[in-house]
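Working notes, structure below.
Values quoted throughout were computed directly from the atomic coordinates according to the rules given, and no laboratory measurement underlies them. Note that the structure is a prediction, hence the values are computed from the model and not measured. Cβ atoms come from the backbone with ideal geometry, glycine included; neighbour counts cover every protein chain shown.
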2 protein chains.
Amino acid sequence: MLTRIDHIGIACHDLEATVAFYKRTYGFDEPHYEVNEEQGVREAMLKINDTGDGAASYLQLIEPIREDSAVAKWLAKNGEGVHHIAFGTDGDVADEAAGIAGKGVRVLYEAPRNGSMGSLINFLHPKDCHGVLTEIVQKP
Amino acid sequence: MLTRIDHIGIACHDLEATVAFYKRTYGFDEPHYEVNEEQGVREAMLKINDTGDGAASYLQLIEPIREDSAVAKWLAKNGEGVHHIAFGTDGDVADEAAGIAGKGVRVLYEAPRNGSMGSLINFLHPKDCHGVLTEIVQKP
C-alpha cells in the first residue's frame with residue numbers, strides 16, 4: 001500500500017546552486033548528499049516534513065554526472081524542473097510493483113534498484129501514468 | 001515557515017479518467033472535487049498522507065475549464081504532467097510571500113487568492129525557482 005509522498009524529484013544543472021536556493025529562500029535544512037552511479041546522478045535530499053506512516057517527505061534535487069544519463073537527456077530536452085514524483089510503500093517494493101503491473105502499468109526495471117538513503121525503488125512508465133514519471137520507494 | 005509538501009499539482013485533459021487511474025492503480029481514496037473559476041480549472045484533491053504539522057499532503061489533479069486559462073495553455077504546450085508543487089505554511093501566506101519576495105523571488109499575485117478547500121494561496125515565478133512553478137498555501 002502506498003502511504004506517503006516520499007519525494008518530488010527535481011532535475012537541475014548545478015546541485016550546489018539549487019540547494020543554496022532552497023535553503024536561502026525557504027530556510028530548509030542542510031540536505032543529505034549522495035551519488036547514484038547507476039542512475040548517473042548526484043543528489044541532495046531535503047527533508048520537508050514527517051509523514052503519518054512514520055517516514056518523511058523530501059525534495060530530491062538531482063544533477064546528472066554523465067551526459068548519457070536519462071536525467072541529462074531529460075534536462076537537455078526540458079530544462080530544469082520537476083522530473084518525477086515518488087510514493088512510499090509500507091510493504092515490499094517488488095510486490096507493490098507487481099501489483100501495479102497487474103493493472104496494466106509498465107514497470108521500468110525487472111527487479112528493484114538502489115534509491116536514496118538505502119531505499120529500494122522502481123519506476124512506472126510516464127505514458128501509463130498520465131504523463132507523470134512515477135517512482136515507488138521502499139525505505140530500508 | 002514552510003512546514004509541509006501541501007500538494008503536487010498535476011495537469012490533465014480528463015479529470016474523471018485521471019482520478020479513476022489513481023484510484024484503480026494505487027487504491028487512493030475518493031477525492032474532494034471543486035471548481036476554481038478564477039484559475040479556470042476543475043480539480044480533484046486526493047489525500048495521500050497526514051503531515052507532521054497537523055495537515056496533509058495531496059495530489060491535486062487539475063483540468064482546464066476554459067481554453068484561455070493558464071493551465072489550458074500549459075497543457076497545450078507540455079501535455080499532461082506535473083504542473084506545479086505547493087508548500088504549506090504554518091503562518092500567514094501574505095507574510096510568507098513577502099518574506100520570499102524579499103529574497104529576490106517574484107511573487108505572481110499582489111494579494112493571496114482562493115485555493116483548494118478554503119485555502120489562501122500565492123505562486124512564485126518558475127524562472128526564479130530553478131524551473132519549478134511553486135505555490136505557497138495557507139490552510140483555513
*Please give the helix B:15-26 orientation as an angle from the longest Cα principal axis of chain B, in degrees from 0 to 90, rounded to the nearest 10.*
80 degrees
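Just to be sure I follow the rule: in the protein assembly as shown, considering lysines 8 or more places apart or on different chains, how many pairs have Cα atoms under 13 Å apart? Write out the running numbers ahead of the final one.
Values: A:Lys23/A:Lys47; A:Lys23/B:Lys103; A:Lys103/B:Lys23; B:Lys23/B:Lys47.
Qualifying lysine pairs in the protein assembly as shown: 4.
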*What list of ³J(HN,Hα) values in whole Hz, one per residue of region A:81-98 in order, does the Karplus curve 6.51 cos²θ - 1.76 cosθ + 1.60 (θ = phi - 60°) give from phi, with Gly and Pro shown as x?*
x, 6, 9, 7, 10, 9, 9, x, 9, 8, x, 8, 5, 5, 5, 4, 5, 5
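Take peptide B:98-111, look around each residue's Cβ out to 10 angstrom, count Cβ atoms belonging to other protein chains, and average those counts.
That works out to 1 on average.
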*Rounded to the nearest Å, what's the spacing between the alpha carbon centres of region B:88-127 and region A:71-140? Just the number, please.*
31 Å
*asked:* Whole-Hz ³J(HN,Hα) for each residue in region B:66-77, computed from phi via Karplus 6.51 cos²θ - 1.76 cosθ + 1.60 with θ = phi - 60°, x for glycine and proline: what do you get?
replied: 9, 5, 9, 6, 4, 5, 4, 5, 4, 4, 5, 7
*³J(HN,Hα) across region A:127-140 via Karplus (A = 6.51, B = -1.76, C = 1.60, θ = phi - 60°), whole Hz, x for Gly/Pro?*
5, 8, 10, 6, x, 10, 5, 10, 10, 10, 10, 10, 5, x
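Can you give the alpha-carbon Rg of region A:2-138 over 2.2 N^0.38 Å, where N counts its residues? Write out the running numbers ahead of the final one.
On the way: Rg = 14.6 Å, N = 137, 2.2 N^0.38 = 14.3 Å.
Normalised by 2.2 N^0.38 Å, the Cα Rg of region A:2-138 equals 1.02.
Mind putting a number on the dipole of the protein assembly as shown about its Cα centre? Charges go on the C-beta only, +1 for Lys and Arg and -1 for Asp and Glu, and I need it in Debye to the nearest 20. Before the final figure, lay out each step's value.
Working: 26 positive and 44 negative charges, 102 e Å.
Result for the protein assembly as shown is approximately 500 debye, rounded to the nearest 20.
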*Note down the net charge around B:Glu16, summing +1 for each Lys or Arg and -1 for each Asp or Glu among other residues with Cβ under 11 Å from its Cβ.*
0
*Can you check what the net charge comes to around B:Lys139, using other residues whose Cβ is under 11 Å from the Cβ of B:Lys139 (Lys, Arg +1; Asp, Glu -1)?*
-2
*asked:* Given R₀ = 25 Å, what would the calculated FRET efficiency be for A:Asp95 paired with B:Met1, taking r from the Cβ atoms and rounding to 0.05?
replied: 0.10
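Enter the mean number of other protein chain beta carbons within 10 Å of the beta carbon of each residue in A:1-8, as an integer.
Shielding by partners across A:1-8 averages 4.
Taking the Cβ of B:Leu108 as the center, what net charge do the other residues with Cβ under 11 Å away carry, scoring Lys and Arg +1 and Asp and Glu -1?
Values: positive: B:Arg106, B:Arg113; negative: B:Glu110, B:Asp128, B:Glu135.
Once positives and negatives cancel, what remains is -1.
Take every Cα pair under 8 Å in chain B that's 6+ residues apart, average their separations, divide by the length, and report that relative contact order as a whole percent.
On the way: 293 pairs, mean separation 35.6, N = 140.
Reported relative contact order: 25 percent.
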*Lys/Arg Cβ at +1, Asp/Glu Cβ at -1, dipole of the protein assembly as shown taken about the Cα centre: which of B:Asn49, B:Thr89, B:Val132 is farthest positive-ward?*
B:Val132
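Once you keep just the Cα pairs under 8 angstrom separated by 6 or more residues, what percentage relative contact order results for region A:100-140?
Details: 62 pairs, mean separation 13.8, N = 41.
Result for region A:100-140 is 34 percent.
So if R0 is 25 Å, what FRET efficiency would A:Lys23 and A:His125 give, r being the distance between their Cβ atoms, rounded to the nearest 0.05?
Values: r = 34 Å, r/R0 = 1.35.
So the FRET efficiency works out to roughly 0.15.
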